[in-house]
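Novice: Here it is, the structure, as structure tokens.
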Amino acid sequence: GGSDAAKRRAGEHAAEVVTDGDVVGLGTGSTAAHAIRALGRAVDDGLDVRGVATSYASRDLAREVGIPVVGLDSVERIDVAIDGADQVDDGLALIKGGGAAHAREKVVDSAADRFVVVVDPSKETPELDRPVPVEILPDARATVRRALRDLGGTPTLRTAERKDGPVVTDNGNLVLDADFGTVAEPRALATDLATIPGVVEHGLFVGLADEVHVGGADGVRVRTA
Ligand code: DER
């Protein structure tokens, strides 16, 4: 959803935040991709950065546009992370995981001194109400499904488009999309989800975003916590 022009404006605006010598967390998805392409152009113009990818997709795009990519395990700290979101609420809590990359994204985004979210206006909502992606150990699908139902969720195993059977994440795990309706208390639900045995990572990013760049028809609106 959302217009590509708005996504591009947000991504390019966020890329301006990056300064020489930065280690940059490279998010996943079509909006973050605009930031990655903008950084590639800046590298062509002499910007010195090292990129830390959050998925095969963002790593491959970074290489394609000429951003030097380093392993997450080789950096002590990340200066700026730029990443998209599926939804942003009034308190800057996020639902992420539309691209099933949220496990590595959360490690990178939370490690960054500055986590910049890039969205088009269609992602903004007063309260989160999309299904929450939950990455699980493959063999835990039945036990986690039950635990999610006990929490009031309706879990659905995410199936692939061009592969028979379920989506398998970059980490070799499966994804349950758990519909909780409106999430009035994101922090409480985040804690409940994180404590379910077999859950590798969930898509609620609470208290992580430092700022949100919202691309619009006539510019970019920056929201801070
Ligand atoms: O998977 C993710 O978390 C992505 O950031 C996704 O939520 C946003 O993707 P989009 O920018 O293509 O909408």
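Novice: For the chain, set up a Gaussian network in which alpha carbons nearer than 10 Å are linked by springs, and say which option among Gly203, Gly66, Gly51 fluctuates the most.
Specialist: Highest fluctuation of the listed residues: Gly66.
Novice: Run the quick spin-label model on Asp60 and Lys163: label points 7 Å from Cα toward the beta carbon, then report their separation in nm to one decimal.
Specialist: The two pseudo-label positions are separated by 1.2 nm.
Novice: Now a separate question. Pairs of Cα atoms under 8 Å, at least six residues apart: use those to get the relative contact order of the stretch 1-73, whole percent. Present the calculation step by step, with values, prior to reporting the outcome.
Specialist: Values: 113 pairs, mean separation 22.5, N = 73.
Averaging sequence separation for qualifying contacts and normalising by length gives 31 percent for the stretch 1-73.
Novice: Let me check I've understood the local charge: for Thr154, count other residues with C-beta under 14 angstrom from its C-beta, Lys and Arg +1, Asp and Glu -1. What total comes out? Before the final figure, lay out each step's value.
Specialist: Values: positive: Arg130, Arg145, Arg146, Arg149, Arg158; negative: Asp129, Asp150, Asp177, Asp179.
Once all neighbours under 14 Å are counted, the net charge is +1.
Novice: Within straight cross-link reach of Lys106, meaning Cα distance under 16 Å, which lysines are found once same-chain residues fewer than 8 apart are removed?
Specialist: Lys106 reaches Lys96.
Novice: Next up: For the stretch 4-69, how big is the tail of P(r) above 14 Å, as a whole percent of Cα pairs? It would help to have the intermediate numbers written out before the result.
Specialist: Details: 1026 of 2145 pairs.
Across the stretch 4-69, Cα pairs with separations above 14 Å total 48 percent.
Novice: With viscosity set to 0.692 mPa s at 37 °C, what whole-number translational diffusion coefficient in µm²/s follows for the stretch 55-101 from Stokes-Einstein and a Kirkwood radius over Cα pairs?
Specialist: Values: Rh = 12.9 Å.
It diffuses with D of about 255 µm²/s by this estimate.
Novice: Could you please state how large a percent of the accessible area of the stretch 118-220 is carbon and sulfur, counting protein chains only and using a 1.4 Å probe?
Specialist: Roughly 48 percent, rounded to a whole number.
Novice: If you don't mind, another one. Shape verdict for the stretch 162-225, please, from the Cα gyration tensor: rounded (a/c under 1.5), prolate (a/b greater than b/c) or oblate. Please report the intermediate quantities before stating the final value.
Specialist: Working: a/c = 2.42, a/b = 1.45, b/c = 1.67.
Verdict is oblate for the stretch 162-225.
Novice: Compute the Cα gyration tensor for the stretch 72-139, then decide on rounded, prolate or oblate, letting a ≥ b ≥ c be the square roots of its eigenvalues: rounded whenever a/c is under 1.5, prolate when a/b is larger than b/c in the other cases, and oblate in all that remain. Please list the in-between numbers first.
Specialist: Details: a/c = 2.54, a/b = 1.23, b/c = 2.07.
Oblate shape, in that a/c is at least 1.5 and b/c is the bigger or equal ratio.
Novice: Same structure, new question: How large is the direction-averaged shadow of the alpha-carbon convex hull of the chain, in nm²? Intermediate values should be presented prior to the final figure.
Specialist: Values: hull surface 47.6 nm².
Taking the Cα atoms of the chain, their convex hull projects to 11.9 nm² on average.
Novice: What does the helix-only formula give at 222 nm for the chain: each DSSP H stretch with n ≥ 4 adding -39500 (n - 2.57), the total divided by the residues, and the result rounded to the nearest 500 deg cm²/dmol? Could the numbers behind the result be given before it?
Specialist: Numbers: 6 runs with 66 residues, N = 225.
Value at 222 nm, helices only: -9000 deg cm²/dmol.
Novice: Work out the length of the dipole vector of the chain about its Cα centre, built from +1 on the beta-carbon of each Lys and Arg and -1 on the beta-carbon of each Asp and Glu, and round it to the nearest 20 debye.
Specialist: Details: 25 positive and 38 negative charges, 115 e Å.
So the magnitude is around 560 debye.
Novice: Looking at the chain as a GNM with Cα springs under 10 Å, which of Leu39, Leu137, Leu92 has the largest mean-square fluctuation?
Specialist: Leu137
Novice: Roughly how many nanometres apart are two label points built 7 Å out from the Cα toward the Cβ at Asp139 and Thr19?
Specialist: 5.0
Novice: May I have the pair-distance distribution P(r) for the stretch 14-131, computed from all Cα-Cα distances with 5 Å bins from 0 and rounded to whole percent?
Specialist: Over the stretch 14-131, the share of Cα pairs per 5 Å bin runs 2, 13, 25, 25, 19, 9, 5, 2, 0 percent.
The values are calculated or read from the model by the stated rules, or taken from the named source; none is laboratory data. Since this is a predicted model, take the numbers as computed values, not measurements. No Cβ is skipped: glycine too gets one built from the backbone with ideal geometry, and neighbour counts run over all protein chains shown. Only protein heavy atoms, including side chains, enter the accessible area calculation; ligands, DNA and RNA are left aside. Shrake-Rupley method; radii C 1.70, N 1.55, O 1.52, S 1.80 Å.
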